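Note sheet for the following structure.
Bear in mind that the values in this text are calculations on the coordinates, not laboratory data. Keep in mind the model is a prediction, meaning the values are calculated, not measured. Note: ideal-geometry Cβ built from the backbone for every residue, glycine included; neighbour counts use all protein chains shown.
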Amino acid sequence: MIKDTTVVEITKGVTLQTERTRSMQSNSRNLAICAVGIFVCYFYYGILQETITKGQYGEEKFTYTLALVFVQCIINALFSRGVLVFTNPGHDATSTSLYAICSITYLGAMLASNHSLQHVTYPTQVLAKSVKPIPVMILGVLVARKRYPLAKYFFVLMIVIGVAMFMYKDKKPAKAMEGHTIGFGEVLLLVSLTLDGLTGASQDRMRSDYQTKPHNMMMNVNLWSILWLAISLIISGEGLEFLGFAQRHPVVLLYMLSFSVASALGQNFIFMTVTSFGPLTCSIVTTTRKFFTILGSVLIFGNPMLSRQWLGTILVFIGLGLDSRYGKEKKNK
């Protein structure tokens with residue numbers, strides 16, 4: 001009898017251990033799929049973004065930022081709508097006005113970021129967009145009265161120093177500087193980061209007050225953005241100008257469609273990672289992805305980087321990694 005009981009207990013233990021092993025293997029496989037999805041989608045996204053904005057189309061250049069973001073928002077909205085139809089998460093009680101406000105900051109950040117590529121290289125843009133902890137911290141302290149550990153301030157300081165080293169411009173001869181607006185691209189990136197912080201604040205309110213689902217948020221913010229962009233395209237006349245450009249260079253439509261699909265799929269993998277493994281794991285994955293995006297841009301497009309800029313890049317990513325691991329916000333008692 002004792003032997004039978006022992007055998008049963010051993011069998012149960014082995015079965016439990018086997019189930020745990022299978023669960024760990026399944027989680028590791030799913031995380032690998034999400035990570036590869038984020039890497040591939042956003043690597044392709046970055047390459048296409050620079051191809052579109054810096055490519056040569058005969059004697060013309062692509063300057064239709066509104067049209068580019070318009071197409072991107074349409075694909076994002078269609079994709080998120082498809083996910084909602086398939087998953088049916090239930091009624092969304094989020095305030096319409098909150099969606100509208102969030103879409104303005106979201107759209108402004110995207111437009112400023114895309115337009116900055118006409119003035120700075122893609123590695124500069126990616127590195128600057130990697131410093132989101134800075135606007136999040138500033139807005140958190142000033143607006144939401146949040147508290148942060150001392151270590152977080154140190155990590156953010158590392159990021160700021162790294163960005164300064166990367167973006168500092170050596171003096172050039174006066175002739176080479178003629179006709180160039182110094183620092184305009186950097187100003188656009190600063191605006192984009194500030195609006196990113198405001199967008200994050202709006203999204204936090206959606207989650208805390210209305211428990212908004214990710215794809216409901218994605219669809220509605222993009223729908224409002226489509227409305228603002230359509231109005232802007234009509235008023236500015238860029239819509240008609242872009243149609244003429246697309247007729248002369250139809251290949252740009254393929255680039256824009258591929259760019260938008262990569263954006264929508266990348267956001268989906270990010271949502272999957274956050275839902276399944278938490279924001280810390282997602283932050284680590286996306287931070288690592290940005291390094292390979294910069295490296296790919298340098299290798300493929302030949303964007304030159306000085307030793308000082310490489311050192312700045314290393315500082316930024318070390319700071320981001322340490323911030324993701326140790327810079328947790330203090331909980332209010």
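For the range 206-273, the ratio of Cα radius of gyration to the globular rule of thumb 2.2 N^0.38 Å stands at 1.45.
The chymotrypsin sites (Phe, Trp or Tyr not before Pro) found in the range 77-161 include none that occupy coil by DSSP while having at most 13 further C-beta atoms within 10 Å. Placing dummy labels 7 Å off each Cα toward the beta-carbon, the span from L142 to A246 is 3.9 nm. Averaged over residues, the count of other Cβ atoms within 10 Å places the peptides 67-73, 301-307 in the sequence 67-73, 301-307, highest first. What shape does the range 66-121 have by the C-alpha gyration tensor, where a ≥ b ≥ c are the square roots of the eigenvalues, rounded means a/c under 1.5, and otherwise prolate means a/b greater than b/c and oblate the rest? Since a/c reaches 1.5 but b/c is at least a/b, the shape of the range 66-121 is classed as oblate.
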